Amino acid sequence: MFKYFPHTTDDIQHMLDVIGMKSLDDLYADVPKDVRLKGDYHLPEAKSEMEIRHYFEELGSENQQKICFAGAGVYDHYVPSVIPQITSRSEYLTSYTPYQAEVSQGTLHYIFEYQTMMARLTGMQVSNASMYDGSTATAEAAMMAHASVRKSDRVLISETIDPKVLEVVKTYAHFQGVGIEMIPQNNGATDFSTLPDMLAQGGVAGVIVQQPNYYGIIEDFSGVADMCHDKKALFIINSIAADLALLKSPGEWGADIAVGEAQSLGIPMAWGGPYLGYMCTLEKHMRKMPGRIVGQTTDQDGQRVFVLTLQAREQHIRREKATSNICSNQGLMTLWVTLYMALMGKKGLRHAAQMGCDGAHYLHDALLATGRFHDAFPGRAFLNEFCVKYDGDLDALQQLWLENGFFGGVKISDDTLMLAMTEQRTKDEADRLLSLIK
């Protein structure tokens with residue numbers, strides 16, 4: 001009669017009889033009385049549908065929509081309207097894993113296409129599907145390097161990596177007994193002159209850098225892969241996915257693993273998630289890679305079909321041989337990114353990235369022209385994000401912008417501001433932001 005109730009009174013009594021308890025009070029006798037809830041739950045009275053709608057409309061009206069000039073790893077990109085329409089269909093709206101190939105051909109197909117597109121974007125040979133976010137993907141890459149390189153217990157990371165990513169990597173490394181050492185920076189870019197000596201000490205599993213780095217600077221990795229490989233270490237590059245439409249790919253730099261955040265591929269900022277971490281690598285490292293790989297084959301009738309080719313999880317192999325259990329993003333967010341890349345195409349991705357680059361350079365030059373700002377890292381090249389120093393009260397300026405409808409960048413020190421532009425930002429918006437400085 002009450003099919004949605006988890007347990008009837010008889011069910012509860014039967015369970016208590018099995019464990020030798022007379023009542024629920026006996027079951028919770030070990031819980032101190034001063035922490036137990038006394039009285040009824042504080043639940044509101046039942047509301048009609050109309051009342052519920054009004055209630056949430058009032059809550060929603062408290063949200064403030066600002067024009068976003070901030071980045072720091074998450075960016076306000078255009079989302080084609082067809083994407084939420086398709087992903088909200090009932091056959092797609094799941095994050096669950098496609099265990100049964102015979103009934104999951106549609107899901108397996110779009111995962112296969114996602115892998116193909118990401119491998120091409122990064123210049124790597126294989127892609128998994130997928131990781132929780134860019135931070136965990138980077139941490140998994142560090143652990144993957146540790147598992148791949150014998151007698152290794154050190155991972156070297158550039159000081160120019162996103163601090164949020166670094167903290168996640170350190171957490172993973174702590175519980176795996178892996179030491180994290182920082183490669184120093186110089187004027188906002190990695191100082192690779194120190195790398196040979198750090199590698200020469202031995203035991204290095206991998207070297208992790210970011211492109212563009214946390215400050216938005218485009219770094220030069222010439223020769224870095226060779227230095228790593230000479231000492232049997234893996235070279236790992238973290239990138240914001242959309243930036244690779246214009247920049248030299250990790251594969252072209254000689255990377256062994258390419259990781260990063262794919263939110264820039266059409267996923268809304270959405271109060272912090274859900275996002276999507278990508279991981280691509282060389283075929284020889286494939287069996288050390290977490291997540292799953294979908295492959296293409298033919299059935300007994302010769303028709304093109306898709307299967308789970310690699311799934312190194314605890315359910316399938318010995319626990320000590322398993323890799324990460326992260327796999328939920330094989331579903332909804334992988335489909336989201338697949339649709340975005342298919343709709344935008346190569347030209348669209350390049351055009352969007354170029355618009356952000358052009359806008360950022362316009363805003364950067366205009367800020368310097370006010371006489372109130374100067375470069376935080378003089379002479380460094382950037383794509384769509386940059387850092388400038390302000391000669392006034394930075395908190396007051398950001399508050400002024402906020403009051404006038406602008407989210408004006410990310411403050412990274414007392415006098416340093418990091419601003420970002422995407423294809424969503426217009427020259428008019430930039431000019432209005434600038435006018436408030438004067």
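Can you give me the distance in nm between label points at Leu16 and Lys151, each placed 7 Å from the Cα along the Cα-to-Cβ direction?
Result for the modelled spin labels: 6.4 nm.
Within the accessible area of segment 9-104, what % is carbon and sulfur when the probe is 1.4 Å and the other protein chains stay in place? Please report the intermediate quantities before stating the final value.
Values: 4290 of 8030 Å².
Accessible surface attributable to carbon and sulfur in segment 9-104 totals 53 percent.
Please report, in whole Å, how far the alpha carbons of segment 81-339 spread along each principal axis, starting with the longest.
Reported extents, whole Å, longest axis first: 57, 41, 32.
Can you work out the FRET efficiency for the pair Lys438 and Gln65, with r the C-beta to C-beta distance and R0 = 22 Å, to the nearest 0.05? List each step's numbers first, then the result.
Numbers: r = 25 Å, r/R0 = 1.13.
That pair, Lys438 with Gln65, gives E of 0.35.
Which whole-number value in Å² is the accessible area per residue of segment 166-314, probe 1.4 Å? List each step's numbers first, then the result.
Values: 6090 Å² over 149 residues.
That works out to 41 Å² for each residue.
Can you list the trypsin sites (Lys or Arg not before Pro) in segment 200-274 that are in a DSSP coil and have 16 or fewer other beta carbons within 10 angstrom?
Details: sites: Lys231, Lys232, Lys248; in loops: Lys231, Lys232, Lys248.
When the trypsin sites (Lys or Arg not before Pro) of segment 200-274 are filtered for loop state and at most 16 Cβ neighbours within 10 Å, Lys232, Lys248 remain.
Under a Cβ-Cβ cut-off of 12 Å, what is the net charge of the residues other than Gly277 that fall near it, where Lys and Arg count +1 and Asp and Glu count -1?
Working: positive: none; negative: Asp133, Glu140, Glu261.
Value of the local net charge: -3.
Could you tell me which GluC sites (Glu not before Pro) in segment 198-270 are loop residues by DSSP with no more than 15 other beta carbons within 10 angstrom of their beta carbon?
Working: sites: Glu219, Glu252, Glu261; in loops: Glu219, Glu252.
Passing both the DSSP loop test and the Cβ count: Glu252.
Out of the GluC sites (Glu not before Pro) in segment 32-120, which ones are loop residues according to DSSP with at most 15 other C-beta atoms within 10 Å?
On the way: sites: Glu45, Glu49, Glu51, Glu57, Glu58, Glu62, Glu91, Glu102, Glu113; in loops: Glu45, Glu62, Glu91.
Passing both the DSSP loop test and the Cβ count: Glu45, Glu62, Glu91.
As a test of the formula, what do you get for the chain when each DSSP H run with n ≥ 4 contributes -39,500 (n - 2.57) and the sum is divided by the residue count, at 222 nm and rounded to the nearest 500 deg cm²/dmol? Intermediate results must be reported in sequence, preceding the final value.
Working: 12 runs with 150 residues, N = 438.
Counting only the DSSP helices, I get -10500 deg cm²/dmol.
Which whole-number percent gives the relative contact order of segment 81-339, counting Cα pairs below 8 Å spaced six or more residues apart? Mind dumping the intermediate values first?
Numbers: 537 pairs, mean separation 75.8, N = 259.
Across segment 81-339, relative contact order equals 29 percent.
Springs between alpha-carbon atoms under 10 Å, Gaussian network over the chain: tell me which of Leu343, Leu16, Leu402 tops the mean-square fluctuations.
Leu16
What percent antiparallel are the DSSP beta bridges of the chain, to the nearest 5? Don't skip to the answer; put the middle values down first.
Details: 28 of 47 bridges.
Taking every DSSP beta bridge within the chain, about 60 percent pair in antiparallel fashion.
Are there DSSP H segments in the chain that both extend 18 Å or more along their axis (alpha-carbon positions) and score a mean Kyte-Doolittle hydropathy of at least 0.0? List them, or say none.
Details: long enough: 105-122 (25 Å, -0.16); 134-148 (21 Å, 0.30); 163-176 (20 Å, -0.04); 332-369 (44 Å, 0.44).
The qualifying helices are 134-148, 332-369.
Rounded to the nearest 5, what % of the DSSP beta bridges within segment 81-339 are antiparallel ones?
Values: 17 of 34 bridges.
The antiparallel proportion sits near 50 percent.
The values are calculated or read from the model by the stated rules, or taken from the named source; none is laboratory data. Note that the structure is a prediction, hence the values are computed from the model and not measured. A quick note on method: Cβ atoms are made from the backbone with ideal geometry, for glycine too, and the neighbour counts reach across all protein chains shown. Side chains included, ligands, DNA and RNA excluded: accessible areas come from the protein's heavy atoms. Shrake-Rupley method; radii C 1.70, N 1.55, O 1.52, S 1.80 Å.
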